[in-house]
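Everything on this sheet refers to the single structure shown next.
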Amino acid sequence: MKIEKVKLSKIKSNPDNPRIIKDDKFFMLVKSIKDFPEMLDIRPIVVNKDMMVLGGNMRLKACLEAGMSEVPIIVADNLTEEQQKEFLIKDNVSGGQFDWDALANNWDSELLLDWGLEVFQTPDYSDKNEEINIDSLDSEMIIKLKYVENEYNLVREQLNKIAPTPEQAVWKLLGNE
């Protein structure tokens, strides 16, 4: 299979593609294509013999949004209908997860954010922390944390590794069993 460049107007978006990218993530993809269009040469859009996208539906949409007129493609014309459906799913399945410690220690978080990877950033609450008078506490206390969605999902995922509920995880983290 060889890579060729074709006009975007020749490529058909795949209505059966189950993966979508919304809002901010989509605009990060558009920005990454504008900033580093050579990446498309390395990872071209995969189409079938009818020019229907099998891999790269969101890249196609982002290329249109970025104002491109041509993109590199690979024509996978030797796949059966069943293999095309399988490719559509397998191309969109995440094959692993990031080592967040390695990212935090070895990569610039600003660059990672700019490249579209949502990284956890610890908010600075130093001006909001104040001494708590424990004599005035009720028998039950609520701890409220505010996160954006991706931070919340990351925190929730990590807490789930510790215990079945966030409350139990925090209890364990505080040294209680």
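The values are calculated or read from the model by the stated rules, or taken from the named source; none is laboratory data. As the structure is a computational prediction, the values presented were derived from the model and not from experiment. Quick reminder, even Gly has a Cβ in these numbers, built from the backbone with ideal geometry, and neighbours come from all protein chains shown.
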(request) For segment 13-68, name all the residues that are of a type in the set (Gly, Ala, Ser) and more than 20 Å from Lys90 (Cβ to Cβ). (result) Ser32, Ala62, Ala66, Gly67
(request) Check whether at least one residue in segment 39-50 is farther than 30 Å from Val148 by Cβ, surrounded by fewer than 17 Cβ atoms within 10 Å (Cβ to Cβ) and in contact (Cβ under 8 Å) with a residue 40 or more places away in the chain, and report yes or no. (result) no
(message) Can you list residue pairs whose Cβ atoms sit under 6 Å apart, with the first residue in segment 3-23 being over 18 Å from Pro44 (Cβ atoms) and the second being of a type in the set (S, T, N, Q) and not in a loop (DSSP other than H, G, I, E, B)? Count only pairs 6 or more apart in sequence or on different chains.
(response) none
(message) With the structure loaded, tell me whether Trp100 is among the aromatic types (Phe, Trp, Tyr) and at pLDDT 75 or above or whether it fails that test.
(response) no
(request) Being touching a residue at least 40 places away in the same chain (Cβ under 8 Å) and farther than 12 Å from Phe27 by Cα is the filter; apply it to segment 51-63 and report the residue that is surrounded by the fewest Cβ atoms within 10 Å (Cβ to Cβ). (result) Met51
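Quick test for you: out of Phe36, Phe87, pick the one residue that is surrounded by fewer than 18 Cβ atoms within 10 Å (Cβ to Cβ), out of contact with any helix residue (DSSP H, G or I) (no Cβ under 8 Å at 6 or more places or on another chain), free of Cβ contacts under 8 Å to residues at least 60 places away in the same chain and under 18 Å from Ser13 (Cα atoms).
From the options Phe36, Phe87, the qualifying one is Phe87.
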(message) Given the criteria among the acidic types (Asp, Glu) and at pLDDT below 70, does Asp127 qualify?
(response) yes
(request) Residue by residue through segment 1-26, note down the ones that are modelled with pLDDT under 90 and loosely packed, with under 15 Cβ neighbours inside 10 Å. (result) Met1, Lys2, Pro15, Asp16, Pro18, Arg19, Ile20, Lys22, Asp23, Asp24, Lys25
(message) Looking only at residues that are assigned to a helix (DSSP H, G or I) and β-branched (Val, Ile, Thr) in segment 151-167, which one is farthest from the chain's Cα centre (by Cα)?
(response) Ile162
